[in-house]
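Below is one structure, written out as structure tokens, with a few remarks after it.
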Amino acid sequence: MHSKVIIVGSGPAGHTAALYLSRATLEPVMFEGFLANGFAPGGQLTTTTDVENYPGFPDGIMGPEMMEKFRQQSLKFGTKILTETISKVDLFSRPFKLWREGAEDKEPDTADTIIIATGAAAKRLNLPGEDTYWQKGISACAVCDGAVPIFRNKSLAVVGGGDSAAEESLFLTKYASHVYVCVRRDKLRASKVMANRLLSNPKITILWNTVPIECKGDGKLLNNLIIKDTKTNEIKELKVNGLFYAIGHVPATELVKGQLDLDQDGYIITKPDTTYTNIEGVFAAGDVKDKKYRQAITSAGSGCMAALECERWLSERAEE
């Protein structure tokens with residue numbers, strides 16, 4: 001199958017790109033993935049509950065429902081969506097070649113342009129009880145989830161010692177009664193400015209040399225964290241109603257490693273203020289290139305950028 005545009009990924013970035021490209025009659029094909037990067041089609045938002053910070057939904061909307069609306073809109077305007085995962089690409093050939101998972105020994109799909117929108121996944125600790133209380137008291141995004149009712153005026157815990165952990169902890173003080181920061185070592189990795197803000201905030205207590213080892217609750221919501229002192233091995237309970245991971249993300253870039261330029265953390269490098277990668281005709285959008293904001297709305301915005309730049313690129317080549 002040959003396409004003018006193939007979109008790899010099905011989060012807000014991928015679907016926004018699909019919407020713009022299909023309305024431009026470019027007949028995009030989206031490989032939404034089958035548990036690609038560990039997520040159902042729709043990406044990280046399919047694992048979230050209430051989304052309250054996306055414009056247009058004053059009463060909030062469940063993450064899976066929101067992504068289904070994105071999908072229906074892409075289909076409405078003519079995007080062809082395939083629930084398959086792309087496992088291999090050749091970006092050095094023209095047209096570009098893409099192989100489907102399980103069919104690597106068969107003829108590849110080809111495309112004139114590709115938009116990589118494979119996203120990123122938050123690092124998790126895989127603690128006992130974590131799966132039970134994921135999105136029921138455990139989150140990897142304070143900005144996304146910190147304001148929801150189950151966390152308001154409650155004691156919360158943050159895991160991490162870098163700038164992200166500091167930023168998320170400070171953000172949570174707007175809503176929490178108190179925030180405990182579990183730091184594995186006896187010092188913070190955060191910048192001096194962020195560390196000072198953390199240390200001087202009366203609503204924050206730093207638990208040095210501390211790691212969580214188990215998540216407990218009532219079966220519905222988290223209400224207790226078992227923590228361990230890494231020096232003394234003392235184990236005790238920490239009564240909290242929320243646990244936020246701030247230990248980094250892993251971008252889904254294994255597919256393009258060795259072909260697209262990646263930064264030291266594995267994110268795709270794009271030309272400043274664009275979605276252009278180092279290979280002409282290949283664009284990157286969403287969390288796969290964004291380590292700073294990581295929001296649905298910013299992902300959707302970069303998906304729009306990728307579509308417009310892709311459309312322009314194809315138009316310029318057609319005129320040559």
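The values are calculated or read from the model by the stated rules, or taken from the named source; none is laboratory data. Being a predicted model, the structure only gives us computed values, none of them experimental. Don't worry about glycine lacking a Cβ; one is built from the backbone with ideal geometry, like all the others, and counts go over all protein chains shown. Accessible surface is based on the protein model in full, side chains and every heavy atom, while ligands, DNA and RNA are left aside. Shrake-Rupley method; radii C 1.70, N 1.55, O 1.52, S 1.80 Å.
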Practice item. Per residue of the range 130-146, in order, report the coupling 6.51 cos²θ - 1.76 cosθ + 1.60 (Karplus, θ = phi - 60°) as ³J(HN,Hα) in whole Hz, putting x for Gly and Pro. Key: 5, 5, 5, 10, 5, 6, 10, x, 10, 8, 10, 8, 5, 5, 6, 10, x
Exercise for review: Pull up the DSSP beta bridges for the chain and report the antiparallel fraction as a percent, rounded to 5.
Suggested key: 45 percent
Point to revise | Derived scalar couplings ³J(HN,Hα) [the range 99-104; Karplus, 6.51 cos²θ - 1.76 cosθ + 1.60; whole Hz; x for Gly, Pro] | key: 10, 7, 4, x, 10, 5
Check your understanding: Expressed as a whole percentage, what fraction of the accessible surface of the chain belongs to carbon and sulfur atoms when a 1.4 Å probe is rolled over the protein heavy atoms?
Key -> 50 percent
Practice item. Specify which residue in the list Val183, Pro41, Cys144 is farthest towards the positive end of the charge dipole of the chain, using unit charges on the beta carbon of Lys, Arg (+1) and Asp, Glu (-1), about the Cα centre. Key: Val183
Exercise for review: Give a quick list of GluC sites (Glu not before Pro) in the range 77-166 that DSSP marks as loop, anything other than H, G, I, E or B, with at most 12 other Cβ atoms within 10 Å.
Suggested key: Glu104
Check your understanding: Between Asn224 and Phe34, what FRET efficiency follows from the Cβ-Cβ distance if R0 is 41 Å, with the result rounded to 0.05?
Key -> 0.70
Study note, to complete from the structure: Over the range 13-104, with neighbouring protein chains present, the accessible area per residue in Å² at probe 1.4 Å is 50 Å²
Revision key, fill the gap. Sorted by chain and then number, the residues having a modelled amide H within less than 5 Å of the amide H of Leu243, at least 5 places away or on another chain, are Ile138, Ser139, Ala157
Check your understanding: Given H placed 1.01 Å from N in the peptide plane, which residues other than close sequence neighbours of His178 have an amide H under 5 Å from its amide H?
Key -> Lys154, Ser155, Leu156
Review point. Over 26 Å between Cα atoms, which of Lys4/Lys292; Lys4/Lys289; Lys192/Lys236; Lys88/Lys291; Lys123/Lys236; Lys203/Lys239 qualify?
Key: Lys4/Lys292; Lys192/Lys236
Practice item. Pick out the long, greasy-scoring helices in the chain: whole DSSP H runs spanning 30 Å or more along their own axis by Cα, mean Kyte-Doolittle at least -1.0. Key: 296-319
Check your understanding: Which pairs, out of Lys154/Lys220; Lys80/Lys106; Lys154/Lys231; Lys154/Lys216, put more than 18 Å between their alpha-carbon atoms?
Key -> Lys80/Lys106; Lys154/Lys231
Review point. What is the set of long-range amide H partners of Met30 at a cut-off below 5 Å, with H atoms built 1.01 Å from backbone N?
Key: Ile7, Lys80, Ile81, Leu82
Point to revise | For the chain, Cys with no neighbouring Cys Cβ under 4.7 Å | key: Cys182, Cys215, Cys304, Cys310
Exercise for review: Filter the chymotrypsin sites (Phe, Trp or Tyr not before Pro) in the range 1-37 down to the DSSP loop ones having no more than 15 other Cβ atoms within 10 Å, then list what survives.
Suggested key: Phe34
Check your understanding: What FRET efficiency, computed as 1/(1 + (r/R0)^6) with R0 = 51 Å and r the Cβ-Cβ distance, is obtained for Glu254 and Ser177, rounded to the nearest 0.05?
Key -> 0.80
Practice item. Considering the options Thr85, Ala307, Asn224, tell which one lies farthest towards the positive end of the dipole of the chain, charges being +1 on Lys and Arg and -1 on Asp and Glu at the Cβ, about the Cα centre. Key: Asn224
Review point. Based solely on its DSSP helices, what 222 nm [θ] is calculated for the chain when runs of n ≥ 4 H residues each add -39,500 (n - 2.57) and the sum is averaged over all residues, nearest 500 deg cm²/dmol?
Key: -7500 deg cm²/dmol
